[in-house]
1. Among the listed residues ALA408, ALA395, ALA379, ALA358, identify the single one that is of a type in the set (Gly, Ala, Ser), surrounded by fewer than 21 Cβ atoms within 10 Å (Cβ to Cβ) and over 22 Å from LEU318 (Cβ atoms).
2. Would you mention how many residues in the range 282-304 are under 19 Å from GLY225 (Cβ atoms) and not in a loop (DSSP other than H, G, I, E, B)?
3. Against the conditions (1) assigned to a strand (DSSP E or B); (2) more than 27 Å from LEU415 (Cβ to Cβ); (3) out of contact with any Ser or Thr (no Cβ under 9 Å at 6 or more places or on another chain), where does VAL205 fall short? Just the number, please.
4. Mind checking which pairs have a first residue in the range 156-175 that is part of a helix (DSSP H, G or I) and a second that is of a type in the set (Phe, Trp, Tyr) and open to solvent by less than 20 Å² (accessible area, probe 1.4 Å), Cβ under 6 Å, 6 or more apart or different chains?
5. Which residues, taken from the range 352-406, are in a helix (DSSP H, G or I), among the basic types (Lys, Arg) and under 21 Å from ARG119 (Cβ atoms)?
6. Consider only pairs whose beta carbons are under 9 Å apart and that are at least six residues apart or on different chains; among these, list those whose first residue lies in the range 291-306 and is free of Cβ contacts under 8 Å to residues at least 60 places away in the same chain and hydroxyl-bearing (Ser, Thr, Tyr) and whose second residue is crowded, with 17+ Cβ neighbours inside 10 Å and part of a loop (DSSP other than H, G, I, E, B).
7. Could you give every pair whose Cβ atoms fall below 8 Å, whose first residue belongs to the range 123-148 and is closer than 25 Å to ALA197 by Cα and touching a residue at least 24 places away in the same chain (Cβ under 8 Å), and whose second residue is in a loop (DSSP other than H, G, I, E, B) and acidic (Asp, Glu), counting only separations of at least 6 or pairs across chains?
8. Cβ-Cβ below 7 Å, separation at least six or inter-chain, first residue in the range 370-381 and touching a residue at least 60 places away in the same chain (Cβ under 8 Å) and on the phi < 0 side of the Ramachandran plot, second of a type in the set (Phe, Trp, Tyr) and outside any helix (DSSP H, G or I): which pairs?
Amino acid sequence: MNAAMEGILKLELPPEAEFLSVAVAAAEAAGRAFGLGEARVPRLALAVEEFFEYLRREARRDEPLGLTLRRLGPAARAEFRFRAEHLDLRALNYAAGVAPGDGGEMGLVLAARFTDRCRLTLLGTDDVLLAAEVDREYPAAEALRETPKLTPPFTLSEAPTSETLRHAAMLAAGRYPARLCPKGFFNPGRLVDMVEAGLYSALAVTDSGGRPAGLLLWRSPGGQGVLFSGPYVLDPERGPEIGRLLAEGFLARVARTKAVCAVSERPTADLPAEYFEPLGSLFFTAGGEVAEQAAFYRSLREDEGAAVWAHPDLASFLEREYDRLAFMRDILSPDPDEGREREHSLLSTELDLRRGLAVLRPLLGGRDLAENLGRHVEALRREGIPDILFYLDMAWSWQAAMTPALLAAGFTPRLVLPHSGVSDEAVFEHDPQPR
């Protein structure tokens, strides 16, 4: 990560009411130092306040609450690390399922609503990391719809400048549908910060005058795979040439890493398909019409096989996909009751209103999973979100055990993404009218 993008403040606070003001003051100071802006700093402070109030009652009393405040590219992040044997965080769900009379849990509802993302990670049996992120505000940029007049020869740039990234993003936003564009294309300052922070990597193609002719982005979510978007070709008359330059440069770059494969759920039509293998398709709604979106992957080195967890209801789909893709996988069946020791489940929800897309991921299993899924679908449909995806990381048996609830809630398995999570991920799509 670029040193200018780093910033970390760590505290250990006794779980006592007297220390609440310390936590809130630290959040306010960190938010300003991280450049959140005066309108967004109170959101981070509110999240820290409500989390601290909740955790000082629910966490173990014999250990301090660890609070870490950090800048993470375009966001400020507050992390609480603590120990708790019995934890009910259902109020952090997008469709919370808690009533106004539920007391302290309404504070968590507020915290979830005023932050942009909440995450929960189990580090051990009772060792928990709870995080909330608040994004900086970035000015919107108008998409550039006029085709630029570019002059060969074209050059591949492995370290595009912030000006090149901004210009390329505005041109790409004017040429490609929103479903193929990252959020940063509409707020280029966000894209620049994500690249400088190392959250995205970028390749650009420029013409003889240094003007952007193409762009490709990718990220490494933490497993053995890289996920890429593009290529975004800004001169359609020279699409094949620029697309190949970007694809070849990208593959050469990631081949020097430890990544096993490259995967894209949103490649453009300018991707040279002969360099990649098809994974399958998702379906997206645009202007009331359903569009099929193909996904592709490319092996970067030999896949030596792996074991994945999958419920029997998903096994036939996986066997067919793994056989078609020639992946060696041992498919293990979870205990059907795994993940049901808690009463309440917890899901993360990422909304992209411009694309009309919601992405759900499991954070905690629970006996109410089927009802929770139903509440989320209903709430998202009320918000006018046409496309809902659910990602299962098959490294975890408790996630695999969620399959029957997903199928009952109207989700259909569409893709296997190799090495896109801790292990392979299965992508489910909600379809009220099965195709």
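1. Values: ALA408 fails: over 22 Å from LEU318 (Cβ atoms); ALA395 fails: over 22 Å from LEU318 (Cβ atoms); ALA358 fails: surrounded by fewer than 21 Cβ atoms within 10 Å (Cβ to Cβ).
ALA379 is the lone residue from the list that is of a type in the set (Gly, Ala, Ser), surrounded by fewer than 21 Cβ atoms within 10 Å (Cβ to Cβ) and over 22 Å from LEU318 (Cβ atoms).
2. 8
3. It is condition (3) that VAL205 fails.
4. Once the first residue is part of a helix (DSSP H, G or I) and sits in the range 156-175, its partners that are of a type in the set (Phe, Trp, Tyr) and open to solvent by less than 20 Å² (accessible area, probe 1.4 Å) give ALA169/PHE185; ALA172/PHE185; ALA172/TYR232; ALA173/PHE185.
5. The answer is ARG375, and nothing else.
6. SER299/VAL260; SER299/PRO418
7. GLU133/ASP116; VAL134/ASP116; ASP135/ASP116
8. As it stands, the answer is HIS376/TYR94; ALA379/TYR94, since those pairs meet every condition given.
The values are calculated or read from the model by the stated rules, or taken from the named source; none is laboratory data. This is a predicted model, so every value here is computed, not measured. Note that each Cβ is placed from the backbone with ideal geometry, even for glycine, and that neighbours are counted across all protein chains shown. Side chains included, ligands, DNA and RNA excluded: accessible areas come from the protein's heavy atoms. Shrake-Rupley method; radii C 1.70, N 1.55, O 1.52, S 1.80 Å.
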